[in-house]
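First up is the structure itself, then whatever we jot down about it.
The values are calculated or read from the model by the stated rules, or taken from the named source; none is laboratory data. This structure is a prediction, so every number in the text was calculated from the model and none was measured. Reconstructed Cβ throughout: ideal geometry from the backbone, glycine too, with neighbour counts over all protein chains shown. To get the accessible areas, we keep the full protein, side chains included, count just its heavy atoms, and leave off ligands, DNA and RNA. Shrake-Rupley method; radii C 1.70, N 1.55, O 1.52, S 1.80 Å.
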Amino acid sequence: MARGKKIYEGKAKILFEGPEPGTIVQYFKDDATAFNAEKKDVIDGKGVLNNRLSEYFMTGLTQIGVPTHFLKRLNMREQLVRSCEIIPLEVIVRNFAAGTMSKRLGIEEGTQLPRPIVEYCYKDDSLGDPLVSEEHIAAFGWASQQDMDDILGLALRVNDFMSGVMFGVGIKLIDFKIEIGRVYEGDFQRLVVADEISPDSCRLWDIETNQKLDKDVFRRDLGSLTDAYAEVARRLGVLPKTGGHPKPTLVN
Ligand code: TYD
């Protein structure tokens, strides 16, 4: 498909103008970054896996009635999405303590939380995506009270869906991050799950062994990141059960 002009290049994806007005092509790169891009590498095959996995999760969400920006996968590395105005928040849902929550509150990683906890970070790399409260969000006008109610509802629905899907393949959903976009339909606007949902933005632990199958493998130098992501994809039936790295010929 003829690709439009490049709109934006981020750490893991490039956005191009789509073929129709109101559409965007998301290209998944192999670049991995952590600690606000202080640690960087190119991980062969990561983009192909994330494109497939994000398609899988977004399609499932659409099927259960959770609105997303996803339209269709175009090829190995690209998907067509609806263009939307991204709300400048990283919406994090946690089921078990890990990462910054464990550090901040001194709770051992893997401790089950009494209920899912939703946190918001202000999306600004130069500030290191700081944690913010709903007071900040309202005062600075990043989202309205109605938006916040809708965002909380979406985040908890995504959490239930993702937790169930993962549990079904022997994986614990420790936490994840989503981004929310605003789409305009005539006089109406509504919020949709945007960006991507992939092991880059989740923590996924094997239920039996607690083996990490997410970006912590890269952050903490725990082995091959593509092997971990390919394991998630294989368990979900997104990749064939046998075979090694996601070579283009293996993925149909
Ligand atoms: P968190 O523990 O706050 O940060 P870190 O990943 O730096 O330890 O992250 C919680 C979850 O949200 C984790 O699965 C990673 C994801 N996340 C992102 O993907 N991008 C982000 O910008 C942030 C803040 C979190």
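Please sort through the DSSP H helices of the chain and keep those with an alpha-carbon extent of at least 27 Å along the long axis and a Kyte-Doolittle average not below -0.5.
145-168
How big is the chain along each principal axis, measuring the range of its Cα positions in Å and listing the largest first?
Computed over the chain, the largest-to-smallest principal extents equal 51, 50, 37 Å.
Can you give the direction-averaged projected area of the convex hull of the alpha-carbon atoms in the stretch 120-189, in nm²?
The Cα convex hull of the stretch 120-189, projected and averaged over all directions, gives 6.4 nm².
Please tell me which of these pairs span more than 27 angstrom C-alpha to C-alpha: 29/177; 6/103; 39/72; 39/123?
Over 27 Å apart, Cα to Cα: 6/103; 39/72.
Stokes-Einstein at 4 °C, 1.567 mPa s, Kirkwood radius from Cα pairs: D for the stretch 26-176 in µm² s⁻¹?
Estimated via Stokes-Einstein, D reaches 75 µm²/s.
How many times 2.2 N^0.38 Å is the alpha carbon radius of gyration of the stretch 99-246?
1.17
Heavy atoms only, 1.4 Å probe, whole protein assembly: order 69, 136 by accessible area, highest first.
Sorted by accessible area, descending: 136, 69.
Which loop-located chymotrypsin sites (Phe, Trp or Tyr not before Pro) does the stretch 125-173 contain, where loop means any DSSP state but H, G, I, E or B and the Cβ has at most 16 other Cβ atoms within 10 Å?
140
Calculate what fraction, in whole %, of the accessible area of the stretch 11-53 sits on carbon and sulfur atoms when a 1.4 Å probe is rolled over the protein chains.
Roughly 49 percent, rounded to a whole number.
Below 8 Å, C-alpha to C-alpha, sequence gap of six or more: please give me the relative contact order for the chain in percent.
Relative contact order for the chain comes out at 17 percent.
At 1.4 Å probe size, put 56, 8, 27, 229 in order of accessible surface, largest to smallest.
8, 56, 27, 229
Using a Gaussian network model on the chain with a 10 Å cutoff between Cα atoms, which of 203, 82, 219 fluctuates the most?
Greatest mean-square fluctuation among the candidates belongs to 219.
Counting pairwise Cα distances across the stretch 1-99, what percent come out greater than 19 angstrom?
Beyond 19 Å sits 52 percent of the P(r) for the stretch 1-99.
In square angstrom, what is the accessible area per residue of the stretch 89-159 with a 1.4 angstrom probe?
Per-residue value: 54 Å².
Suppose only helical runs count, i.e. DSSP H with n ≥ 4. What mean residue ellipticity at 222 nm does that imply for the chain under -39500 (n - 2.57) per run, divided by all residues and rounded to the nearest 500 deg cm²/dmol?
-8500 deg cm²/dmol
Restricting to Cα pairs below 8 Å that are 6+ residues apart, what does the relative contact order work out to for the stretch 55-174? Please round to a whole percent.
22 percent
Roughly how many nanometres apart are two label points built 7 Å out from the Cα toward the Cβ at residue 107 and residue 227?
3.2 nm
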